[in-house]
Amino acid sequence: MIQTATFGLGTLYRRRLAVSTRTASGMIGQVVPPLLWVLVLAPALDTALGSFNPQVDYYTYVALAQVAFLIPFTSMFSGINVIVDKDFGVLRELLVAPVFRAAIPLANALGVMTVALVQVAILVGFGILRGAEFDTSPAGVAWFLAACSLLSLSTYGIAETLALLIGRQEAYGPMIPAVGVTPWFLAGSLFPITLLPAGIEQVSLFLPWTHALALMRYGMMQDIDPGLADIWGMDSNGTMALLSLLALVAYAALTLFIAIRVFYRKSTS
Amino acid sequence: MTTPVIWVDGLRKAYTGGLEALKGISFEVAPGEVFGLLGPNGAGKTTTVGVLTTTVRPTAGKIEVAGHDVVREPLAVRRETGVVFQDSVLDNDFSGLENLQLHARLWRVPKNEARERTASLLEIMDLTTRAADSVRTYSGGMRRRLEIARALLAAPRVLFLDEPTVGLDPAVRGSIWNVIRQLRDREQVTIVLTTHYLEEAEAVCDRVAIVNEGQIIALDKPRALLEAFGSEVLELQVDGDPRNAVTALLSLEARDPQVIGGTVTVPLQNGSQDTGAIIEAVRGAGVSLAAVAVRRSTLNDVFMRLTGTRLNGNSLN
């Protein structure tokens, strides 16, 4: 039964990857702004402003924030492919293929996640070359990758849903920065969320960006407050990391579930 | 009797908002048959194909394709069918060969078989030398031939062709018709074809269902439909009011005279021997004739008689 349900997922996943890699300009274009931050702006900010906390390596802090910038941006950007597939591409062919329809958005989500992880690897690599000090212990990397993957799936679910509901490239385009980037400013990217105005801080607690970023810092920056206590208000970082991980799993499950439901509704009249 | 490969009984489809696209149509398609759904745009042809290919949910009715219920067993239906859509539906980021390979993997065609069938179908469709090229560089006819090859790759029991030649020039249209005829003979596949081209229905279909406003108004072999109508048509181009000619024709008990602009058409039941009497009666009623012609009747004449409109949508007077 599971084999039947997942049949076609691999083929569709490889297709999505192939489509993404054939539009290299898009992949590169998405990496350039965060790379500019990692290579130029973050060191400059570190030098000019120092840090909100002398114990925090602000350059590494901001470099990780760029990972949380890049992933949702890539997800939102990939929503365009959903519209292109619908309007000019092969979606109708896929809809008459003997695969479960849910496999189509799920394969898209996994393909986009893979692309995002490759982009993150490039970003982290350049960050290390520029002097960022990441904790690369297996456990730390595992937390980091889990956060990246779940943030990608969560935000891709949003992107696919919006692309299906909006349906037109010209109307979807403005949503890329609005939805893909705006929450990043509220997620503790450049400073802890406790420094946000009252009210907005509460909003930030419900953003997957906030949880993902705190988890990334928990995994990749040793001996600092990763921001988990600002979210959960507990003492144990391990417990709070687990809670944020579960929150991200819930976000990913919810947004992908909604995306699949919308896909079903839109693809079968 | 042979078990039908497609069985449709009382199919209804009402879209949100109340539009009733299909109003209870029923038909069967025998294995190996080329079955045409002929009708104007908006008649319900594409909706019918949508239901049969599981992309449109029926509101009511019992529909089976290759022995599988389209609602309860959509995956089984999709495994047994291939579809060529009205609009070109190719993966534009890939070559022709890559489009075929994607289809083969999705339809679980074993690798060796996929390789052999791909080569064979590319050869039949005259695309072998262009297989490695991006489909963005293909002409409309090449894209359509590739789509037909793709739909046949998994050796489906039923092939759906939704307006397969729309937008193609006459020469390419003729070549697609040849391909369809070859497929029927070579692949033993059942073909359901929608079209609003009369000549296409006559040229390639074993049976034709004429669809109008969500209903099947006639269903038979093209020749039988034409013979029931009259194998020839007399066209009278009238100077003055054509209604006078119609009055004269009705007094002759001529069957179903129709008026299009200044031309009156009359089906000829007994061949050309009716012609003289009809012309004489019209002239005897004081109607002046600018031109007279006898031509073979077409499915358009049948459609006009049944609906009062031409297939291109012009109403009759």
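The values are calculated or read from the model by the stated rules, or taken from the named source; none is laboratory data. Just so it is clear, the structure is predicted and the values come from calculations on it, not from any experiment. Because the Cβ atoms are built from the backbone with ideal geometry, glycine has one as well, and the counts that use them run over all protein chains shown.
Which residues, counting only those in the range B:292-317, are at pLDDT 65 or above, more than 16 Å from B:Ile217 (Cβ to Cβ), surrounded by fewer than 14 Cβ atoms within 10 Å (Cβ to Cβ) and not hydrophobic (A, V, I, L, M, F, W, C)?
B:Arg295, B:Arg296 - these are the residues of the range B:292-317 that are at pLDDT 65 or above, more than 16 Å from B:Ile217 (Cβ to Cβ), surrounded by fewer than 14 Cβ atoms within 10 Å (Cβ to Cβ) and not hydrophobic (A, V, I, L, M, F, W, C).
Quick one: which helices (runs of 4 or more DSSP H) sit completely within the range B:73-173 and have at least 3 residues that are away from chain A (no Cβ under 14 Å)?
The helices (runs of 4 or more DSSP H) meeting that bar are B:111-124, B:140-152.
Conditions: (1) over 22 Å from the mean Cα position of the chain (by Cα); (2) surrounded by fewer than 24 Cβ atoms within 10 Å (Cβ to Cβ); (3) not acidic (Asp, Glu). A:Ile83 meets all but one. Number of the miss?
In the conditions (1) over 22 Å from the mean Cα position of the chain (by Cα); (2) surrounded by fewer than 24 Cβ atoms within 10 Å (Cβ to Cβ); (3) not acidic (Asp, Glu), A:Ile83 misses (1) alone.
Does B:Leu75 meet the test of being of a type outside the set (Lys, Arg) and within 22 Å of A:Arg16 (Cβ to Cβ)?
Answer is yes for this residue.
Determine whether B:Glu20 is closer than 21 Å to A:Leu91 by Cα, within 14 Å of chain A (Cβ to nearest Cβ), among the acidic types (Asp, Glu) and surrounded by fewer than 22 Cβ atoms within 10 Å (Cβ to Cβ).
no
Taking B:Lys111 as the residue in question, decide whether it is buried (at least 18 other Cβ atoms within 10 Å of the Cβ) and of a type in the set (Lys, Arg).
For B:Lys111, the condition - buried (at least 18 other Cβ atoms within 10 Å of the Cβ) and of a type in the set (Lys, Arg) - is not met.
Would it be correct to say that A:Gly188 is crowded, with 21+ Cβ neighbours inside 10 Å, under 19 Å from the mean Cα position of the chain (by Cα) and outside any helix (DSSP H, G or I)?
It is true that A:Gly188 is crowded, with 21+ Cβ neighbours inside 10 Å, under 19 Å from the mean Cα position of the chain (by Cα) and outside any helix (DSSP H, G or I).
Looking at A:Leu123, A:Leu117, which one is away from every other protein chain (no Cβ under 14 Å), within 19 Å of A:Val67 (Cβ to Cβ) and surrounded by fewer than 18 Cβ atoms within 10 Å (Cβ to Cβ)?
Exactly one of A:Leu123, A:Leu117 is away from every other protein chain (no Cβ under 14 Å), within 19 Å of A:Val67 (Cβ to Cβ) and surrounded by fewer than 18 Cβ atoms within 10 Å (Cβ to Cβ), namely A:Leu117.
Please find, among A:Thr239, A:Thr210, the residue that is part of a helix (DSSP H, G or I), among the hydroxyl-bearing types (Ser, Thr, Tyr) and crowded, with 22+ Cβ neighbours inside 10 Å.
Going through A:Thr239, A:Thr210 in turn, just one is part of a helix (DSSP H, G or I), among the hydroxyl-bearing types (Ser, Thr, Tyr) and crowded, with 22+ Cβ neighbours inside 10 Å: A:Thr210.
Find all pairs meeting these conditions: Cβ atoms under 6 angstrom apart; at least six residues apart or on different chains; first residue within the range B:117-146 and farther than 21 Å from B:Asp87 by Cα; second residue at pLDDT 90 or above and assigned to a strand (DSSP E or B).
B:Ala132/B:Ser95
Conditions (1) part of a loop (DSSP other than H, G, I, E, B); (2) farther than 22 Å from B:His196 by Cβ; (3) in contact (Cβ under 8 Å) with a residue 12 or more places away in the chain, marked per residue:
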{"position": "B:Thr2", "(1), (2), (3)": "yes, yes, yes"}
{"position": "B:Gly10", "(1), (2), (3)": "no, yes, yes"}
{"position": "B:Lys13", "(1), (2), (3)": "no, no, yes"}
{"position": "B:Gly17", "(1), (2), (3)": "yes, yes, no"}
{"position": "B:Ile25", "(1), (2), (3)": "no, no, yes"}
{"position": "B:Pro31", "(1), (2), (3)": "yes, yes, yes"}
{"position": "B:Gly36", "(1), (2), (3)": "no, no, yes"}
{"position": "B:Pro40", "(1), (2), (3)": "yes, no, yes"}
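Might you let me know whether the range A:52-63 holds any residue that is free of Cβ contacts under 8 Å to residues at least 12 places away in the same chain and either assigned to a helix (DSSP H, G or I) or hydroxyl-bearing (Ser, Thr, Tyr) (or both)?
no
Taking the condition among the polar types (S, T, N, Q) and either assigned to a strand (DSSP E or B) or at pLDDT 85 or above (or both), does B:Gln237 pass?
The answer is yes for B:Gln237.
Among the candidates B:Arg108, B:Arg143, B:Arg136, which residue alone is modelled with pLDDT of 90 or more and on the phi > 0 side of the Ramachandran plot?
B:Arg108
When A:Phe134 is evaluated against the numbered criteria (1) within 14 Å of chain B (Cβ to nearest Cβ); (2) outside any helix (DSSP H, G or I), which criterion, by number, is the only one it fails?
Of the numbered conditions (1) within 14 Å of chain B (Cβ to nearest Cβ); (2) outside any helix (DSSP H, G or I), the odd one out for A:Phe134 is (1).
Would you point out the residue of the range A:23-44, among those that are surrounded by 14 or more Cβ atoms within 10 Å (Cβ to Cβ) and among the β-branched types (Val, Ile, Thr), that is farthest from the other protein chains (Cβ to nearest Cβ)?
Looking at the filtered set, the residue picked out is A:Val38.
Here are some residues: A:Gly79, A:Gly111. Which one is at pLDDT 90 or above, within 14 Å of chain B (Cβ to nearest Cβ) and assigned to a helix (DSSP H, G or I)?
Sole residue among the options that is at pLDDT 90 or above, within 14 Å of chain B (Cβ to nearest Cβ) and assigned to a helix (DSSP H, G or I): A:Gly111.
Under 6 Å between Cβ atoms, which residue pairs at least 6 apart in sequence (or on different chains) link something in the range B:43-59 that is among the small types (Gly, Ala, Ser) with a partner that is surrounded by fewer than 24 Cβ atoms within 10 Å (Cβ to Cβ)?
Here the result reads B:Ala43/B:Asn212; B:Gly44/B:Ala21; B:Gly44/B:Gly214; B:Gly50/B:Val56, each pair linking the range B:43-59 to a residue that is surrounded by fewer than 24 Cβ atoms within 10 Å (Cβ to Cβ).
With the checklist (1) of a type outside the set (D, E, K, R); (2) over 26 Å from B:Thr128 (Cβ atoms); (3) surrounded by fewer than 16 Cβ atoms within 10 Å (Cβ to Cβ) in hand, flag the one item B:Gln86 doesn't pass.
Answer for B:Gln86: the failing condition is (3).
Considering the range B:9-34 alone, what residues qualify as being of a type in the set (A, V, I, L, M, F, W, C) and out of contact with any Asp or Glu (no Cβ under 7 Å at 6 or more places or on another chain)?
Within the range B:9-34, B:Leu11, B:Leu19, B:Ala21, B:Leu22, B:Ile25, B:Phe27, B:Val29, B:Ala30 meet the criteria.
Can you run down the residue pairs with Cβ atoms below 6 Å, 6 or more apart or on separate chains, where the first is in the range A:128-146 and at negative phi and the partner is in a helix (DSSP H, G or I) and among the polar types (S, T, N, Q)?
A:Ala132/A:Thr60; A:Glu133/A:Thr60
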